[in-house]
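Novice: Before I ask anything, here is the structure I am working with.
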Amino acid sequence: MQRRRLLRARDLAAFRSALVDLATEGDVGAARRRIVIVPTRASAELLRQTIEARLAADRPATVLPDLATRSEWIARLHAADGGAEPMPARSDRLVLMERAARHTLAVRRFAAPFDLRPGLVDAMLDFYDELRRRQRDVRRFARALFRELGVERGMDRGSEGLIQQTGFLGFTFLAYDRGLAAHGVLDEHGLRAKLIAHQPALPFDHLVVAVADHPSDPRGLWPADFDLIGRLSALTRVDVVVTDEVHDAGFRDRIEQELPGIEEARVTTDNTFTPVLLRPPSDGTSPAPLAFVRRDREEELREAVRAIRTETEDRGEGERDGGQRAGDRAKKDDTASPRAERGRRSAVARGWGPAPCKEDGRPAAGDRERETRNPETALSVAIVFQRPLPYLYLAQQVLGDARVPYQAFDALPLAAEPYAAVLDLALTVARTGGTRESIVALLRSRLLTISPDGERVSARDVGALDRVLVERRASGGAASYPAAVDAFFGDETWRHGLDRDRATRAARAAIEVAAALESFRSASTASAQIRALSSFLRAYEARPAHDDPWRDRHLRARAAVLASLDELAAAFARYDDEPRGADALTALIHHVVEAQTFTPRHGHDGVHLVDAVAARFGVFDRVHLVGLAETDWPDRLRRSVFYGASLLKALGWPQESDETRAQQAAFRDLLSL
């Protein structure tokens with residue numbers, strides 16, 4: 001019999017306290033059979049830090065449960081089922097959906113309601129996933145919309161178009177399901193059905209849900225997830241933890257439908273701390289403003305850093321005075337226990353006590369530097385934002401200039417990394433065959449090493465070739481560049497300050513690059529077209545030095561880009577290897593890379609740079625809430641590109657008012673952080 005509990009927490013402090021208690025109760029065996037679902041990996045890291053900070057004084061070591069996101073939880077379920085049928089990657093599913101759409105247009109003789117661009121194929125896959133996650137199958141989707149639209153059939157051209165679009169999407173989704181079955185793969189929806197039918201043994205029997213549902217949390221669980229949780233016999237205990245704000249914003253009604261019979265309980269805590277919200281002072285003639293106003297985001301971040309440094313310095317002076325008094329007392333009391341001294345050192349390491357002092361009361365060697373370079377020796381400080389960008393990029397300069405260390409766990413867009421820019425340069429050459437501008441830009445990249453005659457092409461070499469081609473007004477491909485160089489110099493080795501050898505070396509490099517990327521347009525299969533691109537990047541990449549501070553981040557971005565290309569090539573090889581046009585393939589690669597994120601963790605101590613979702617799991621003494629602009633708060637509501645809100649309501653989609661209530665509740669929670 002499954003025990004289900006809904007635990008209500010007064011605020012985020014009680015929310016975290018409940019999670020720590022649930023995560024650490026029982027013995028080691030109980031911890032290993034427990035899984036906690038959190039919104040993001042950053043949330044998992046902050047929850048881990050919160051648990052360790054709470055237990056540091058009582059337990060020198062502890063076994064933590066599995067802290068997993070929703071996608072990781074599904075992967076654990078797939079592994080528990082035996083994994084006989086592999087789960088397709090996102091690239092696999094995109095290729096299968098595109099193939100299903102083209103099959104529907106060819107066989108059913110539909111007039112395409114829209115061009116099958118990569119972005120729209122991706123939107124079709126998202127719409128299909130949301131349908132299934134809201135427990136609507138394809139036939140139910142079609143019946144519901146035909147019933148809504150049938151009233152105006154023959155009288156309204158817009159309704160006729162939507163009816164045609166619904167038929168196209170319905171047949172495409174059915175063809176996609178058949179494609180999965182034909183290739184012996186299982187997506188998350190098929191996995192759910194298989195788990196319910198087979199009821200396999202699971203590596204965990206206690207599930208702690210630390211996220212709400214949609215629409216309360218965009219990264220939360222779906223109705224189909226809660227339905228699966230309630231029907232897994234191997235789960236003997238389910239605890240759902242939410243705050244009062246989330247509970248009262250509609251979650252209680254939904255969870256009763258999704259997990260019938262769930263018991264409600266109140267989280268008890270002895271924490272009586274109430275956060276103090278600082279607002280700008282009033283000028284005496286009007287009410288105080290609700291928030292501090294700055295010119296732009298960079299100035300906003302600099303002001304937060306100035307406040308952090310000021311408070312840290314003021315607190316450091318007070319702690320030095322307190323440390324001197326503590327040193328005097330220690331000299332008077334020669335019976336101080338070693339256990340108490342160990343406890344004091346542990347507290348100092350986490351920023352809970354005064355800094356170690358010499359006998360004269362001055363900071364010990366090395367601690368003065370820690371005071372100026374590490375604000376966390378005195379306070380745990382967080383800068384919280386709704387959207388990571390541009391704050392994570394600005395932090396590198398702003399906090400670096402102020403010599404304030406920081407730590408960040410948020411995922412960044414892969415397309416913004418320098419290695420992704422190299423991919424874009426190579427794609428431009430591959431797609432066009434190599435125009436002068438595209439080849440010159442690629443040869444100038446410092447992330448590539450191109451050595452046609454054993455010597456790396458330099459920026460001066462490329463500059464010489466570029467000027468020669470401009471002077472000659474060369475418009476041909478790379479194969480014509482040596483002839484253009486010869487015509488420009490004639491019998492001379494120098495002309496107009498340009499070196500013939502340098503221009504010739506760059507011209508040979510241009511020919512080599514164009515030849516290496518030629519297969520992108522001429523290969524007979526789509527997988528070979530993409531492998532031509534990934535092979536070029538691997539063959540000509542320039543690795544950073546071992547002592548380069550950007551080495552780790554560069555290698556992580558490189559691995560993510562190449563993995564995306566390899567996954568896409570493998571997906572084409574498995575499911576649909578027809579050759580693609582260069583423009584269509586370029587658009588698809590751009591879309592796949594732009595959808596990817598990666599997490600270049602920065603730092604292990606200092607100020608936390610954290611998004612509003614993950615911040616709920618951390619304990620901070622000071623919080624600077626930034627980015628209070630209409631474009632960021634509340635988060636923009638996700639709109640369907642296929643149907644309006646009135647039609648989606650018939651499919652179980654939440655209304656805008658529901659999402660607004662949920663976001664307002666989340667913001668009120670954040671103010672009690």
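Novice: Dividing the convex hull volume of the alpha carbon atoms of region 134-212 by its residue count, what do you get in Å³ per residue?
Specialist: With only Cα atoms used, region 134-212 gives 137 Å³ per residue.
Novice: So what's the net charge close to ALA411: Lys and Arg +1, Asp and Glu -1, counting the other residues with Cβ under 10 Å from its Cβ?
Specialist: Values: positive: ARG41; negative: ASP410, ASP611.
That works out to -1.
Novice: With every protein chain present, what accessible area does GLU72 have (1.4 Å probe, heavy atoms only), rounded to the nearest 10 Å²?
Specialist: 50
Novice: Now a separate question. Please report the carbon-and-sulfur percent of the accessible area for region 15-170; probe 1.4 Å, protein heavy atoms only, DNA, RNA and ligands left out.
Specialist: Working: 3420 of 7240 Å².
The value for region 15-170 is 47 percent carbon and sulfur by accessible area.
Novice: Here's something else I'd like to know. Subtract the Cα-Cα distance of ASP501 and ALA479 from 0.36 nm times their separation in residues, and report this length gain in nm to one decimal.
Specialist: Extending this stretch completely gives an extra 6.2 nm.
Novice: When DSSP beta bridges are limited to those with both residues in the chain, what percentage is antiparallel, rounded to the nearest 5?
Specialist: Here the share of antiparallel DSSP bridges comes out near 15 percent.
Novice: Another question, if that's okay. Under a 5 Å amide H to amide H cut-off, with H placed in plane at 1.01 Å, what residues pair with VAL63 once short-range neighbours are removed?
Specialist: none
Novice: Region 66-128: percent of C-alpha pairs farther apart than 17 Å?
Specialist: 55
Novice: Moving to a separate point now. Carbon and sulfur: what percent of region 457-604's accessible surface (1.4 Å probe)? Display every interim value, and only then the final one.
Specialist: On the way: 3500 of 7220 Å².
For region 457-604, the apolar C and S fraction of the accessible surface comes to 48 percent.
Novice: Divide by every residue of the chain the summed helix terms, -39500 (n - 2.57) for each DSSP H run of at least 4, and state the resulting mean residue ellipticity at 222 nm, rounded to the nearest 500 deg cm²/dmol. Write out the running numbers ahead of the final one.
Specialist: Values: 27 runs with 353 residues, N = 673.
It comes out at -16500 deg cm²/dmol, rounded to the nearest 500.
Novice: Based on the Kirkwood radius over alpha-carbon pairs, what is the Stokes-Einstein translational diffusion coefficient of region 566-610 at 4 °C with 1.567 mPa s viscosity, in µm²/s?
Specialist: Approximately 95 µm²/s, per Stokes-Einstein.
Novice: Still on this structure, I have one more. Given Cβ point charges of +1 (Lys, Arg) and -1 (Asp, Glu) and nothing else, what value in debye, to the nearest 20, does the dipole of the chain about its Cα centre take?
Specialist: Magnitude of the dipole: close to 820 debye.
Novice: Work out, step by step, the length gained on full extension between ALA563 and ALA265: first 0.36 nm times the residue separation, then minus their alpha carbon distance; give nm to one decimal.
Specialist: 102.7 nm
Novice: For the chain, what are Rg and Dmax over the alpha carbons, in angstrom?
Specialist: So, for the chain, Rg and Dmax equal 30.0, 96 Å respectively.
Novice: Are there any helices in the chain, counted as whole DSSP H runs, that stretch 30 Å or more along their axis by Cα and score at least -0.5 on average by Kyte-Doolittle, and if so which?
Specialist: 157-182, 551-575
Novice: What's log10 of I(q)/I(0) for region 1-146 at q = 0.09 Å⁻¹, Debye sum over Cα points only, no solvent?
Specialist: Scattering profile of region 1-146, log10 relative to I(0): -0.50.
Novice: Pull up all non-local amide H partners of ALA382: gap of 5 or more, or a different chain, and H-to-H distance under 5 Å with H placed in the peptide plane.
Specialist: Those lying under 5 Å, H to H, from ALA382 are HIS608, ARG622, VAL623, HIS624.
Novice: Before I look further, what does the chain give for accessible area per residue, probe 1.4 Å, in whole square angstrom?
Specialist: Normalised by residue count, the accessible surface of the chain is 49 Å².
Novice: Moving on. Rounded to the nearest 0.05, what FRET efficiency is calculated for ASP583 and GLU25 with R0 set to 56 Å and r the Cβ-Cβ distance?
Specialist: 0.45
Novice: Length gain on complete extension for the stretch GLU518 to ALA645, per 0.36 nm per residue less the alpha carbon to alpha carbon distance?
Specialist: So the chain would gain 41.0 nm between GLU518 and ALA645.
The values are calculated or read from the model by the stated rules, or taken from the named source; none is laboratory data. What you see is a predicted model; the values in this text were computed from it and never measured. Note: ideal-geometry Cβ built from the backbone for every residue, glycine included; neighbour counts use all protein chains shown. Protein only, heavy atoms only, side chains kept; ligands, DNA and RNA dropped before computing areas. Shrake-Rupley method; radii C 1.70, N 1.55, O 1.52, S 1.80 Å.
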